[in-house]
1. Looking at the stretch 55-67, can you tell me whether even one residue there is assigned to a helix (DSSP H, G or I), surrounded by 18 or more Cβ atoms within 10 Å (Cβ to Cβ) and modelled with pLDDT under 85?
2. Given the residues ALA136, ALA125, ALA92, ALA114, which is the only one that is touching an Asp or Glu at 6+ places or on another chain (Cβ under 9 Å) and free of Cβ contacts under 8 Å to residues at least 40 places away in the same chain?
3. Go through (1) in contact (Cβ under 8 Å) with a residue 60 or more places away in the chain; (2) in a helix (DSSP H, G or I) for THR73 and report which single condition fails.
4. GLY299 fails exactly one of the following numbered conditions: (1) farther than 26 Å from ALA125 by Cα; (2) open to solvent by 10 Å² or more (accessible area, probe 1.4 Å). What is the number of that condition?
5. Go through the stretch 19-31 and count every residue that is at pLDDT 95 or above and open to solvent by less than 20 Å² (accessible area, probe 1.4 Å).
6. Is it true that GLU309 is part of a helix (DSSP H, G or I) and either acidic (Asp, Glu) or at pLDDT 95 or above (or both)?
7. Hey, any hits in the stretch 314-326 for a residue that's in contact with a strand residue (DSSP E or B) (Cβ under 9 Å, 6 or more places away or on another chain), open to solvent by 10 Å² or more (accessible area, probe 1.4 Å) and either of a type in the set (S, T, N, Q) or over 22 Å from VAL259 (Cα atoms) (or both)?
8. Go through (1) within 30 Å of ILE122 (Cβ to Cβ); (2) free of Cβ contacts under 8 Å to residues at least 60 places away in the same chain; (3) outside any helix (DSSP H, G or I) one by one and return the number of the condition SER213 breaks.
Amino acid sequence: MTRGVDKIRNREASEGTILILSRYGPVGASSRTRLFEYLPFLRARGLAVQVQSLLSDDYLTRKYRGEQVGTWTIGAAYWKRLKFLLRSSKSAAIWLEKELWPYLPFGIESRVLAGRKIIVDIDDAVFHNYDQHKSAVVRRLLGQKLDLIFGISTLVTAGSAYLAKRALDARAPRVEVLPTVVKFNSYTAVRRVPSSGFTVGWIGSPATQGLLSPVIGVLAEVLSGEADRFVTVGSKFGRRLFPKHEEWQWGRDTEVRQVSQFSVGIMPVPDRPFERGKCGYKLIQYMASGIPVVASPVGENKSIVRHGESGFLVETLEEWRKALIALKQDGGLRIRMGEMGQRIASEQYSLEKTGPKVANWMAEVANGPLPRGE
């Protein structure tokens, strides 16, 4: 029975078909916001879509709980993807999240991808996991892997200017900057209820919660009032960082309402190569909710935040303290900055506007010719 279904799928995988190869299922923020959110737009454009996730939602959930995942689980996931690709038609375009198999050499992936129309999506500087790895062997074998994938692509969709430059330097034939955007109407549909206190908020994952460490002291100092609080959504500290800290469990159906309860949203990041590639998604979430932001002036943050208008870009701990105190003491300033941020999010970072554009890019590749030599 399964073989019969596979044959039908293979016949359907032809011109106008997109094979979406995500790293994670919908629980993974990068896969959800960069790929899955566009499925309705692709289908509305008349494209057939097949999705194959490398790692399951269960895998990611267990990882965030701190559980060990056996190598056999990873191996089985890699094998499942290989079988899927061997069964698929080469005339279908592939929209690939970053790479086929992390930590496998380009030579293996190139054999599977040869002669295919490939769209590569990248929203993190994952190439630095290889070219700046502590192991010389990893640097030698994988340091140029992403560059080589960019070079055989038809299109690269990059989440930031930093990532786009890397793809262009690798001689990708076409690169489009695609910010990580939000369903703007979902954010404006949630009515913000003014709080009697002052809430500084952060949303993210356990993988990035360590970036908060440098500013915890400043937050503890500023948030000393009776009704003050610091909220982290999606973190797994399992303890209070200081008396005013609250840890909220993240949920796909609750994150918009959770963010709407912030008075200010923050994004501290160090000025390091990997962080320069970040796309500032949490800033866009804050701004779409009408919340002023305070962030480090690193990478795409400098393009997203209009300093002094939609929030503050700050470097030193003293600048962090002054920015947070100014927003705490001036409710009018919070309102003005929040309104400006929401306007920017509506104009530049809404799925409602990027969706049709992305669907057109995908259609151009899917309905275009196969690479030469095929």
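The values are calculated or read from the model by the stated rules, or taken from the named source; none is laboratory data. Since this is a predicted model, take the numbers as computed values, not measurements. Neighbour counts run over all protein chains shown; Cβ positions are idealised from the backbone, glycine included. Accessible surface areas use protein heavy atoms only, side chains included; no ligands, DNA or RNA. Shrake-Rupley method; radii C 1.70, N 1.55, O 1.52, S 1.80 Å.
1. Yes, the conditions are met somewhere in the stretch 55-67.
2. When all the criteria are applied, what remains is ALA114.
3. Single failed check for THR73: (1).
4. (1)
5. Going through the stretch 19-31 one residue at a time, the tally reaches 5.
6. No.
7. Within the stretch 314-326, one or more residues are in contact with a strand residue (DSSP E or B) (Cβ under 9 Å, 6 or more places away or on another chain), open to solvent by 10 Å² or more (accessible area, probe 1.4 Å) and either of a type in the set (S, T, N, Q) or over 22 Å from VAL259 (Cα atoms) (or both).
8. With respect to (1) within 30 Å of ILE122 (Cβ to Cβ); (2) free of Cβ contacts under 8 Å to residues at least 60 places away in the same chain; (3) outside any helix (DSSP H, G or I), SER213 is out only on (3).
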